[in-house]
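Since every read-out is calculated from the coordinates, none of them should be taken as a lab result. It should be emphasised that the depicted structure is a prediction, and the values quoted were computed from it without experimental measurement. Please note: Cβ atoms are built from the backbone with ideal geometry, for glycine as well, and neighbour counts cover all protein chains shown.
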Ligand SMILES: NC(=O)c1ccc[n+]([C@@H]2O[C@H](COP(=O)([O-])OP(=O)(O)OC[C@H]3O[C@@H](n4cnc5c(N)ncnc54)[C@H](OP(=O)(O)O)[C@@H]3O)[C@@H](O)[C@H]2O)c1
């Protein structure tokens, strides 16, 4: 069997109704995984579901900022070999405009949701013992910050710290935990950045990345590596996908 194969593995992908999550679900299915996709938007989640290769996939709508939705999602899950956290929002808040609400909004989806979903899955024993894998999508901005990104970047930094502890806690049961930290990738989130700033700002970002903007499939292929047995000796890493 090819070490990059996902045949026989079941993978949950959050944020699968858009961008990196959608592409990760599709690419994982191309590698043979049975995929459970989750997101909030029914139409877009179903579009992802229709794009999956092979059979046996599931789609489950859930707002991961609502505990009862997390509980319902966990209850409906089969035993997983892989878990990819790809939810997030990219609202920008200059420091002087940060309020309790801004902090709560960003952290609830970019940090709390992943942490609480992971807790639910572990608590209900829905993650296979042995060679299982959890992947968090952080951001290169924890190392190369940008103006106005204080909350987004702080939530990602918290997620990276959480992932390192999780890797320690789960190693003895054979679960690997890794983060990837992409630079700018062509997704709806990047379009929002263009709207919040300007197309010129996005052009400047592209010029700074030696290999230009990433495509979602560049991120998805890396996540497949982390889900597959090819990475069975890789845990507690945080891989920068920066285009150089
Ligand atoms: N794109 C980039 O350049 C880039 C770079 C570095 C890191 N990242 C990170 O990569 C991840 C994915 O980004 P993306 O570009 O794919 O973003 P995206 O296209 O905006 O997708 C975000 C996903 O998160 C889901 N989501 C948002 N709030 C949710 C909630 N309350 N409950 C459940 N799902 C929710 C959305 O679901 P619905 O649409 O169904 O609501 C959507 O599927 C994020 O964590 C982002 O920070 C992205």
Relative contact order of segment 106-162, pairs being alpha-carbon contacts under 8 Å that are 6 or more residues apart, as %: 54
Considering Cα pairs under 8 angstrom that are at least six residues apart, work out the relative contact order of the chain and quote it in whole percent. 22
When ranked by the protection proxy of mean other Cβ atoms within 10 Å per residue, highest first, what sequence do the peptides 155-164, 186-195 form? 155-164, 186-195
By how many degrees, 0 to 90 and rounded to 10, does the Cα axis of helix 113-123 deviate from the longest principal axis of the chain? 20
Using the alpha-carbon atoms, what tilt in degrees (0 to 90, nearest 10) does helix 42-51 show relative to the longest principal axis of the chain? 60
Starting from the 7 Å offset along Cα-to-Cβ, what nm value, one decimal, do you get for the label separation of residue 98 and residue 67? 2.6
If you fit an axis through the alpha-carbon atoms of helix 19-30 and take the longest principal axis of the Cα set of the chain, what angle between them do you get, 0 to 90°, nearest 10? 30
Could you line up 26, 98 from fewest to most neighbouring Cβ atoms inside 10 Å? 98, 26
Once R0 is set to 45 Å, what does the formula 1/(1 + (r/R0)^6) return for the Cβ-Cβ distance between residue 192 and residue 172, expressed as a FRET efficiency to the nearest 0.05? 0.65
Among 172, 86, 29, which one shows the highest mean-square fluctuation when the chain is modelled as a Gaussian network with alpha-carbon springs under 10 Å? 172
Using only helices, what value at 222 nm comes out for the chain when you add -39,500 (n - 2.57) per DSSP H run of length 4 or more and divide by the total residues, to the nearest 500 deg cm²/dmol? -13000 deg cm²/dmol
Which whole-number percent of Cα pairs in the chain have a distance greater than 26 Å? 34
Full-extension gain in nm, residue 203 to residue 50, via 0.36 nm per residue minus C-alpha separation: 51.8 nm
